[in-house]
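In what follows, a structure is listed as structure tokens, so that the remarks can point back to it.
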Amino acid sequence: MRPPSSNPRRLLVIEDEASLGEMIVSNLATEGFLVSLAGDGEAGLASHATRPADLIILDLMLPGMSGFEVLRALRRRQDKVPVIILTARSASEDRVQGLSLGADDYLPKPFAMLELTARIRAILRRAAPEEESRRIARSGPFKIDYLHLSVHRGRTDLQLSLREFRLLEVLLAHPGRVHGRQDLVNLAWEADAHPTLRTVDKHIQALRRKLADSDENPAIQTLEREGYRWTLPVKS
Ligand code: CA
């Protein structure tokens, strides 16, 4: 047994075969990880939404949502959490499909626990530096947490809606660049949504209110007829 780390990594196992799931969980817990087990895809996504995992071990053959659907749901919401796929099916199409959907590794069943542990450690090591910088950005008085979709000014959580967060994310991605309203629609709304440009203005106004942004010294600058831009430098 390894000594407990001061900052243990959180793993989520999504596996419907209870005995296998429990075996994986107890082995990984012995290795010093914090491990949760979910018996199906919905439960796994719900668990990850409340307590984000650093890595997900995902069975493909699940009741209800398949492992592929779980993976697709994660990547669709831009969640880049590393995923290791487990499958009893040895077909190489599974491997190709899994990797093309954004899985980080693939392990056919049956596998040795040592093998799984080694792959988990390799992926976490590889993901760590980028992971940290991707999670938090700072700009002016704001701290933006991309993992938890929150924005703080000092200790205050500004309670942005998802849309406001998405708009902020788009503006922050290119500080100083002017984003036309139609660009913002394309980048911050789903492809099948067709908000009016006036709706974009309303969301930006709401975002500015929450940021307590002022016209004298704006973080989000309004350029008449052109659009909006984020004026502060961003450090991640
Ligand atoms: Ca299964």
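The values are calculated or read from the model by the stated rules, or taken from the named source; none is laboratory data. Just so it is clear, the model here is predicted, and its values are computed rather than measured. Cβ placement follows ideal geometry from the backbone for every residue including glycine, while neighbour counts extend to all protein chains displayed. Note: accessible area is taken over every heavy atom of the protein model, side chains too, but ligands, DNA and RNA are not part of it. Shrake-Rupley method; radii C 1.70, N 1.55, O 1.52, S 1.80 Å.
Against the main long axis of the alpha-carbon atoms of the chain, helix 41-50 sits at an angle near 50°.
Within the straight-line cut-off of under 19 Å between alpha carbons, the lysines reachable from Lys210 are Lys143, Lys202, sequence neighbours fewer than 8 places apart in one chain being disregarded.
Overall, the ratio between the Cα radius of gyration of the range 136-230 and 2.2 N^0.38 Å, rounded to two decimals, is 1.01. Could you check which residue among Ala173, Ala53, Ala29 shows the biggest mean-square fluctuation in a GNM of the chain with a 10 Å Cα cutoff? Taking springs between Cα atoms under 10 Å, the residue moving most is Ala173.
Net charge near Ile123, counting Lys/Arg +1 and Asp/Glu -1 over other residues with Cβ under 10 Å of its Cβ?
Values: positive: Arg119, Arg121, Arg125, Arg126; negative: Asp54, Asp104, Asp105.
Summing Lys and Arg as +1 and Asp and Glu as -1 gives +1.
Annotation: extensible slack from Leu187 through Arg126 equals 19.1 nm (criterion: 0.36 nm per residue apart, minus Cα-Cα distance). Here the ratio of the Cα radius of gyration of the range 33-140 to 2.2 N^0.38 Å is 1.08.
Surface exposure of the chain, expressed per residue as accessible area with a 1.4 Å probe, stands at 55 Å². A simple rule links phi to the HN-Hα coupling: the Karplus curve 6.51 cos²θ - 1.76 cosθ + 1.60 with θ = phi - 60°, which for the range 94-101 gives 4, 5, 5, 5, x, 5, 6, 7 Hz, with x for Gly and Pro. The angle between the Cα long axis of helix 162-173 and the main principal axis of the chain comes to about 80°, on a 0 to 90 degree scale. Between Ser47, Ser100, Ser36, the Gaussian network model of the chain with springs among Cα atoms under 10 angstrom shows the greatest mean-square fluctuation at Ser100. Near Arg198, once Lys and Arg are set to +1 and Asp and Glu to -1 for all other residues with Cβ below 14 Å from its Cβ, the sum equals +2.
Computed over the chain, the range of Cα coordinates on each principal axis works out to 62, 41, 25 Å, biggest value leading.
Taking 0.36 nm per residue of separation and subtracting the current Cα-Cα distance, fully stretching the chain between Ser150 and Glu226 would add 24.6 nm. Hey, what angle do you get for helix 197-211 against the long axis of the chain, alpha-carbon based, 0 to 90 degrees rounded to 10? Here the helix axis deviates by roughly 80 degrees. Computed from backbone phi, the HN-Hα couplings of the range 222-236 come to 9, 10, 2, 6, 9, x, 10, 8, 8, 9, 8, x, 10, 10, 10 Hz, rounded to whole numbers (Karplus: 6.51 cos²θ - 1.76 cosθ + 1.60, θ = phi - 60°; Gly and Pro given as x).
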